[in-house]
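The values are calculated or read from the model by the stated rules, or taken from the named source; none is laboratory data. From a predicted model like this one, the values you see are computed outputs, not experimental measurements. Cβ placement follows ideal geometry from the backbone for every residue including glycine, while neighbour counts extend to all protein chains displayed. Quick note on the areas: whole protein, heavy atoms, side chains included, nothing else; ligands and nucleic acids left out. Shrake-Rupley method; radii C 1.70, N 1.55, O 1.52, S 1.80 Å.
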Amino acid sequence: MKLATLKDGTRDGKLVVVSKDLTRYCAADNIAPTLQAALDNWDEIAPKLEALYTDVEHQAVPTERFHEREAHSPLPRAYQWADGSAYINHVELVRKARGAEVPESFYHDPLMYQGGSDNFLAPRDDIPLKDTKWGCDMEGEIAVVTDDVPMGVTSEQAADHIKLVMLVNDVSLRGLIPGELAKGFGFFQSKPASAFSPVAVTPDELGDAWKGSVIHLPLMVDYNGKAFGRANAGVDATFSLADLVAHAAKTRDLGAGTIIGSGTVSNQGPEGDPGKPVAEGGLGYSCIAEIRMIETIADGEAKTRFMAPGDTVRVEMKDAEGHSIFGAIEQKVVEA
């Protein structure tokens, strides 16, 4: 099924069930007022939402037109948002540009940071930026939402706790990252509010594209109206999303509504090389930092600038028939 949260003037919005083609919705607040409330009691609530989804598809209940611009992120705020590093190619590129090796442990022990989750941007909200020197970047990623996950689960067990899948633009301020990491405590100011796709879907909606807790479809990232990234999320994934959930739960329980991100979706080139931009026949990149790293490796300096007010980014994923699965994240950078 497909779920969304509509803006209604409250912090947590109103839960709705959305048709498969993303054109219609039916309010579900008589079943659960918010998506978090549904996740808190998922085993009881999910079958009722599924039944409503079937009714929406069969046009057995009244529906209204679904407009993605009226949607908030499926969870406008969450108890926990942690982002991982499923795609080591991204990590390799970033480190290679600054002459650093990737520690061997990164290939079997994922990177992960805990992001701010008290206030997410809506999928059509502007990205506020106070200073272009901060190096504003987009990061196209996949994210999953869990129910209650007990401490110490295996990856196989963690897969059963993934209840929803969505897309995310994990906004990063690259210019602030080095100084923060040098302190030894990780990201904070360099990771402002992220935005998630208008719709979250249950894994079964992805059909055969959902294998091994990874989506085997291209992630479409457009920058200023042009194709920027078409990396396949099912290729070059060192870790699955279930692996990342299990990693997060190694020493703690995860509460229902926890969001775990994949990290920037990133593919190698056909010869194991960094790959080429979409305009040159490659799969491109899901963030600006990667192309800057490739420019630095090739020419000794980066030429592509980070985002500035007026720049736009769009993140979307389509199924094999070309239909949008999650709706699109469409954002514009503005002066804060």
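Overview of results
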read-out: Above-threshold pairs, the threshold being 27 Å between Cα atoms, out of 20/250; 2/211; 183/226; 2/130; 14/211; value: 20/250; 183/226; 2/130; 14/211
read-out: Per-bin percent of Cα-Cα distances, the range 294-336 [5 Å]; value: 6, 17, 14, 13, 13, 17, 14, 6, 0
read-out: Under 16 Å from the Cα of residue 303 - lysines, other chains or at least 8 residues apart; value: 133, 276
read-out: Amide H within-cut-off set for residue 210, under 5 Å, with H built and near neighbours excluded; value: 216
read-out: Ranked by how many other beta carbons lie within 10 Å on average, peptides 205-215, 262-272 from highest; value: 262-272, 205-215
read-out: FRET E, pair residue 299, residue 48, Förster distance 35 Å, beta-carbon r, rounded to 0.05; value: 0.05
read-out: Helix axis angle, 288-299 relative to the chain longest principal axis, alpha carbon, degrees; value: 20 degrees
read-out: Pairwise label distance in nanometres, residue 41 with residue 10, each label 7 Å out on the Cα-Cβ vector; value: 1.5 nm
read-out: Unit charges at the beta carbon, dipole of the chain: most positive-side option, 291, 167, 128; value: 128
read-out: Residues whose placed amide H lies under 5 Å from that of residue 163, excluding near-sequence neighbours; value: 145, 146, 147
read-out: ³J(HN,Hα) computed for each position of the range 192-203 - Karplus, 6.51 cos²θ - 1.76 cosθ + 1.60, integer Hz, glycine/proline x; value: x, 5, 9, 10, 10, 4, x, 10, 10, 10, 6, x
read-out: Selected from 118, 137, 273 as most flexible by GNM, with the chain as the system and alpha-carbon contacts under 10 Å; value: 273
read-out: For the range 264-336, average projected area of the Cα convex hull in nm²; value: 6.6 nm²
read-out: Additional length obtainable on full extension of the chain from residue 151 to residue 106, 0.36 nm per residue less Cα span; value: 14.0 nm
read-out: Candidates 24, 124, 230, ranked by Gaussian network fluctuation over the chain, Cα under 10 Å, top entry; value: 24
read-out: Most mobile of 196, 326, 66 in a GNM of the chain (Cα contacts under 10 Å); value: 66
read-out: Using alpha-carbon coordinates, inclination of helix 88-97 to the longest axis of the chain, degrees; value: 30 degrees
read-out: Per-selection metrics, the range 137-194 (Cα): Rg and Dmax in Å; value: 15.1, 38
read-out: Phi-based couplings in Hz for the range 9-20 (Karplus 6.51, -1.76, 1.60; Gly and Pro marked x); value: x, 9, 4, 9, x, 10, 6, 9, 9, 10, 5, 4
read-out: Net charge contributed by nearby residues that have their C-beta within less than 12 Å of residue 325 (K/R +1, D/E -1); value: -2
read-out: Estimated inter-spin distance, residue 160 and residue 318, nm [label 7 Å along Cα→Cβ]; value: 3.8 nm
read-out: Share of carbon and sulfur in the accessible heavy-atom surface of the chain [1.4 Å probe, %]; value: 49 percent
read-out: For the range 321-334, 3J(HN,Hα) per residue [Karplus equation, 6.51 cos²θ - 1.76 cosθ + 1.60, θ = phi - 60°, Hz, x = Gly/Pro]; value: 8, x, 9, 5, 8, 10, x, 10, 7, 10, 9, 10, 7, 10
